[in-house]
Amino acid sequence: MTMKILLRLPLTFLLFLAVIGRCNAQEKQYHIGLIGFYNLENLFDTIDQPDVNDEEFTPNGANLYTPKVYIDKLSKLEDVLSQIGADLSPDGLAVFGVAEIENESVLKDLARQPKLASRNYTPVHFNSPDVRGIDVALMYNPKYFKVLQSESLFVPLEGRDGKPYFTRDILYVYGMFNGEPMHFL
């Protein structure tokens, strides 16, 4: 086009041409990486830890929480977690936060379940001062996420009696998600 013709064209048409030229020149590629959260609802092991109020989740406790019950719970959680996002990506969730877990070992047991094992989920976990031993954590597939920093953020609360009340900490994780910086709380 000559300069005379360009000057006669409406400005919106020229912008349209510029956008089309830019779109053709820079074709973006997208990668699916799914992020989620799941409450594991009292995922405890069956072992009584003396410094934690977890007796109800032991074989002789109020819930009669036997190894059979624990394995059944892991199986049910495995079924659900393996299906989340599987219609969009065969890897399912790339990163997911979890709540109501007792410790890192229950997360490792969950990650080893047959329907999840190929995803290589790795936990980021810190013990919280919660009297029941309830914690939060982040599970991630190293194919999608690389942890660069993580820490447990204490939540100072005061009980009705004015004394400190201890609950779950906030988990902070920073890393690279598909090459992009990402913060999780």
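Values computed for the structure shown
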read-out	value
Exclusive hit being of a type outside the set (Lys, Arg) and either part of a helix (DSSP H, G or I) or over 14 Å from Asn42 (Cβ atoms) (or both), set Leu110, Leu64	Leu110
Residues within region 106-144 that are modelled with pLDDT of 95 or more and β-branched (Val, Ile, Thr), tallied	4
Filter result (touching a strand residue (DSSP E or B) at 6+ places or on another chain (Cβ under 9 Å) and either aliphatic (A, V, I, L, M) or at pLDDT below 95 (or both)) within region 145-163	Val147, Leu148, Leu153, Phe154, Val155, Pro156, Leu157, Glu158, Gly159
Those residues of region 67-100 which are in a loop (DSSP other than H, G, I, E, B) and surrounded by 14 or more Cβ atoms within 10 Å (Cβ to Cβ), in sequence order	Ile84, Gly85, Ala86, Ser89, Asp91, Gly92
Residues located in region 125-150, provided they are within 16 Å of Tyr38 (Cα to Cα) and in contact with a Gly (Cβ under 9 Å, 6 or more places away or on another chain)	Val136, Ala137, Leu138, Met139, Tyr140, Asn141
Residue within region 31-47 that is in a loop (DSSP other than H, G, I, E, B), closer than 23 Å to Lys146 by Cβ, at pLDDT below 85 and out of contact with any Pro (no Cβ under 9 Å at 6 or more places or on another chain) present	yes
Where Asp161 falls short, out of the listed (1) under 25 Å from Glu55 (Cβ atoms); (2) within 16 Å of the chain's Cα centre (by Cα)	(2)
Among residues of region 149-185, those that are assigned to a loop (DSSP other than H, G, I, E, B) and touching a residue at least 40 places away in the same chain (Cβ under 8 Å), counted	3
Of residues in region 164-185 being of a type in the set (Ser, Thr, Tyr) and either at pLDDT below 95 or at positive phi (or both), the one farthest from the chain's Cα centre (by Cα)	Tyr165
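The values are calculated or read from the model by the stated rules, or taken from the named source; none is laboratory data. What you see is a predicted model; the values in this text were computed from it and never measured. Using ideal geometry, Cβ is built from the backbone for each residue, glycine included, and neighbour counts are taken over all protein chains shown.
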